[in-house]
Amino acid sequence: MATKKKSVDARALLTGLRDVSRNLWWSWDFDAQQIFNELAPRLWETSNHNPSVLLAEISEQEILARLANIDFALRVQKVIKHFSAYMKQTQTWASAHAKLLKAPVAYFSAEFGFHESLRTYSGGLGILAGDHTKSASDLGVPFIGITLFYRQGYFEQRLGVEGWQQEEYITADTHKLPILRVTDAHGNPVTISVQIGFSIVKVAAWKLMVGRSTLYMLDTNLPQNEERFRDITAHVYGGDTTTRISQEIVLGIGGVRMLRALGISPSIFHMNEGHSAFLTIELLREQIANKVPLEKSVASVVKHCAFTTHTPVPAGHDRFNRDLFEYAFGQKVSELKMTVDELMGLGRIHPTDQNESFCMTVLALKMSRSANGVSELHGHVSREMWRPLYPKLTTEKVPIGHITNGVHMKGWSNPVTDAFWTEKIGPAWDEHFLEPAAWRKALSAQNISDEELWALRYRLRRTLVEFARRTMQKQHARYGNMTNAFENILNPDVLTIGFARRFATYKRAPLLFSHFERTLELFNDTKQPVQLIFAGKAHPRDDEGKKFIQRIIDLTKHPQLFGKVIFLENYDINVARYLVAGADVWLNNPRRPLEASGTSGQKVSIHGGLNCSIMDGWWREAYDGTNGWSIGGDEQPASEQVQDEQDSQFLYDVIKYQIIPEFYKRGANNVPAQWIKRVRRAIQTLVPQYNTHRMVSDYVKKYYV
Ligand SMILES: *Cc1c(COP(=O)(O)O)cnc(C)c1O
């Protein structure tokens, strides 16, 4: 007998597995995910891949029995060991490079996107915060995230028969999430309070572990609060401006108070977007309460804060009018020894201009020692945008720098890609994101053949096609359409374009349909066919975005587009993971310069996907002529109309004359050599640069220490 006779302690393994399930580390460990999947494949799928649900619903008796299978038990043991070693690791990037960072970074963000089972995000901002947290953990940077606990999260998107988006909210069962109520030494919930208007609102917290990073999620849903305050934290960006200012008071002011209640003294407060900027007012109040004069108080706050701005879209910068501001802060000004107007002045470009509303971005800029945009171009656009705040400076001297966004590569890979890089680079392939040389070497033809890369592309495309068929089938079964029409949509041999992101109108999802005869020409070519998969949610109050969705869904029914252009409902991290892996080309056609960075395109490189994008955000600095395609050049016309028209023609042209011919130009081995060359270039130049390990290391070096 070749089997190893090893005995395992099943009970200890069960305990270890529970520990693993309570830390989102498993969300970027594929061995752990495989264990959960194997335990109950159907439940794994229906729970949206939630180990807490699995371990709550599978009987202990079953798990203990299953652990008697020695192969399974050994794999569980390996995952537990791996997790425990990760948590105890002391030799990290930070231990070598960030010695000055003694106390943790407190990173405030209105949303965090970690995994599909936790609906606490709406889009790119949240995903970025989630990826930042994961990389901080991997790098060993002491890191604490602060956000709100949205018990109904962001909505699930359902598409009606007419293609109109419906929003469905699902209340989270806190027992089936990897979160714990934050309690004091006696086991009582730690609560702090904030004042909103004349009322005192109590705030409790949930703790979530993300590897070595800790996240505190603030929650007003407490019996001691009046009914109307319990829902402040119900939805991601829910409600009206009163809800918005209340959420931001809880996040900023409540966040600082919660940290104090827990005895945490951060070395720096990092505001991820302006939503949390009220934290500076709380820090100011602390100083003033200690009898520090105002000017010194401000200086002290500035010394401890850093700010990242994320959008040049005006609606992305929260503004509150005087009435609302006075309602929210009227009672607080006496503690600050300021008038309402003096306080409002902190959020105004012209402090004494009574007609100017209060802007969170202005507050954040004034109260931070550093500010940055999220790509080189966005840094420039932000300096221009906020120049009025610095009237004595030229645009280039405005103190807003940039750190280009990235993605957490391991988290955005999948078991197939992970196995590929494990074979080509080694099991620690995800530790080389700060080493371009390692990727150059890995991508040599001696190490990886064209055929191997093409095989990977085929496998990932096939997986996406099958996922899309399943999803469409499910979607239509709901309408009572029990047809098999969706079993044959899409084709795994065909060039596949992906377009998925929030349906904000500046992202121009329907751009490829601007000149319909050109659209049909592309999709009707039977020799060199192309197919396109869309996904994305519109904000519940964005009717224009919903109209875009409706229009695209309508077009998917066009007889000459059916089965070639499809729209997958309920874009979330899970759908994204299939799309970024399976798409050959990731399409991004925003109205420049409104896409501050964009990150979805950064997720495709690790899978050998290619970007085709407007020269906006991260792509403007990443594109080098060999690693993807650009739609148009590095300039933009003054008129939006002209811009949209030009860009649509550029888009048709690049797909028709560059992308399609290259994909279908096959050599003797039936592999598109030129295409694969571009794939190699993309992986080499993009993976070691546009990842959050590089991004977090930049934040540490430039802004945190
Ligand atoms: C990456 C991601 C985004 C951000 O996409 P952009 O193209 O940067 O706007 C939004 N939503 C989900 C689910 C994502 O995974």
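Considering only Cα-Cα distances, which of the following residue pairs are longer than 24 Å: K603/K677; K207/K303; K78/K701; K392/K507? Walk me through the intermediate numbers first.
Numbers: K603/K677 19 Å; K207/K303 28 Å; K78/K701 35 Å; K392/K507 35 Å.
In this structure, K207/K303; K78/K701; K392/K507 lie more than 24 Å apart at Cα.
For region 130-230, what value does the Rg/Rh ratio take when both radii are computed over Cα atoms and Rh is the Kirkwood radius, given to two decimals?
1.06
What residues qualify as long-range amide H neighbours of F567, i.e. H under 5 Å apart, gap of 5 or more or another chain, H built at 1.01 Å from N?
Under 5 Å from the amide H of F567 lie the amide H atoms of F534, each far enough along the sequence or on another chain.
Only sites in a loop by DSSP and with at most 12 other Cβ atoms within 10 Å count here; which chymotrypsin sites (Phe, Trp or Tyr not before Pro) in region 152-238 make the cut? Intermediate values should be presented prior to the final figure.
Working: sites: Y154, F155, W164, Y169, F198, W206, Y216, F229, Y237; in loops: Y154, F155, W164, Y169, F198, Y237.
Of the chymotrypsin sites (Phe, Trp or Tyr not before Pro), the ones in loops of region 152-238 whose Cβ has at most 12 other Cβ atoms within 10 Å are F198.
Rounded if a/c is under 1.5, else prolate if a/b beats b/c, else oblate: with a ≥ b ≥ c from the C-alpha gyration tensor eigenvalues square-rooted, which is region 242-296?
Prolate.
Over what distance in Å are the Cα centres of region 9-52 and region 355-410 separated?
Centre-to-centre (Cα) distance: 42 Å.
Karplus couplings for region 448-465 from phi (6.51 cos²θ - 1.76 cosθ + 1.60, θ = phi - 60°), rounded to Hz, Gly and Pro as x?
After applying 6.51 cos²θ - 1.76 cosθ + 1.60, I find 9, 7, 4, 4, 5, 5, 5, 4, 4, 4, 4, 5, 5, 5, 4, 4, 5, 4 Hz.
Once phi is turned into ³J(HN,Hα) by the Karplus curve 6.51 cos²θ - 1.76 cosθ + 1.60 with θ = phi - 60°, what whole-Hz value does each residue of region 575-592 show in order, with x for glycine and proline?
Couplings: 4, 4, 5, 5, 5, 5, 7, x, 6, 6, 10, 9, 9, 9, 10, x, 7, 4 Hz.
Starting from the Kirkwood Rh over alpha-carbon pairs, what translational D in µm² s⁻¹ does region 59-170 have by Stokes-Einstein at 10 °C and 1.306 mPa s?
Working: Rh = 17.7 Å.
D = 90 µm²/s.
Sorting Y578, Y652, Y86 on the 10 Å Cβ count, fewest up front, what's the list?
Ranked by crowding around the Cβ, least crowded first: Y86, Y652, Y578.
Under a 5 Å amide H to amide H cut-off, with H placed in plane at 1.01 Å, what residues pair with W629 once short-range neighbours are removed?
Residues meeting the criterion, in which the H sits 1.01 Å from N, are N611, C612, S613.
Share of Cα-Cα pairs in region 581-705 beyond 19 Å, in percent? Provide the component values of the computation, followed by the final result.
Values: 4036 of 7750 pairs.
Every Cα pair in region 581-705 considered, those over 19 Å come to 52 percent.
Using all Cα-Cα distances in region 373-475, what percent lands in each 10 angstrom bin from 0 up to the longest?
Histogramming region 373-475 at 10 Å steps yields 12, 25, 21, 20, 16, 6, 0 percent.
Counting each pair of different Cα atoms once, what's the Kirkwood radius of region 432-689 in Å, rounded to one decimal?
Details: mean 1/r = 0.0532 Å⁻¹.
Radius from the Kirkwood sum: 18.8 Å.
In debye to the nearest 20, how big a dipole does the chain give about its Cα centre with +1 on each Lys and Arg Cβ and -1 on each Asp and Glu Cβ? Spell out each step's value before the answer.
Details: 83 positive and 75 negative charges, 352 e Å.
About 1700 debye.
Would you mind ranking D542, D647, D131 by Cβ crowding within 10 Å, fewest neighbours first?
Details: D542 18, D647 22, D131 29.
By the 10 Å Cβ count, ascending: D542, D647, D131.
Ranking R541, R502, R151, R260 by Cβ neighbours within 10 Å, fewest first, what do you get?
On the way: R541 10, R502 18, R151 24, R260 13.
The fewest-first ordering by Cβ neighbours comes to R541, R260, R502, R151.
Only loop residues by DSSP count here, and only those with at most 15 other Cβ atoms within 10 Å; note down the trypsin sites (Lys or Arg not before Pro) in region 615-673 that meet that. Walk me through the numbers on the way to the answer.
Values: sites: R620, K656, K665, R666; in loops: K665, R666.
Here the trypsin sites (Lys or Arg not before Pro) that fit, given the DSSP loop and packing criteria, are K665, R666.
Taking H placed 1.01 Å from N in the peptide plane, check which residues at least 5 places from G401 or on another chain put their amide H under 5 Å from its amide H.
A371, N372, G373
Using the C-alpha atoms of the chain, what convex hull volume per residue, in cubic angstrom, is computed?
Working: hull volume 126.3 nm³, N = 705.
Normalising the Cα hull of the chain by residue number yields 179 Å³.
Along the charge dipole of the chain, Cβ charges K/R +1 and D/E -1, which of F278, N589, T339 sits furthest on the positive end?
Toward the positive end, the furthest listed residue is F278.
Bear in mind that the values in this text are calculations on the coordinates, not laboratory data. Everything numeric in this text was worked out from a predicted model, so none of it was measured. Methodologically, a virtual Cβ is constructed for each residue, glycine included, from the backbone with ideal geometry; neighbour enumeration extends over all protein chains shown.
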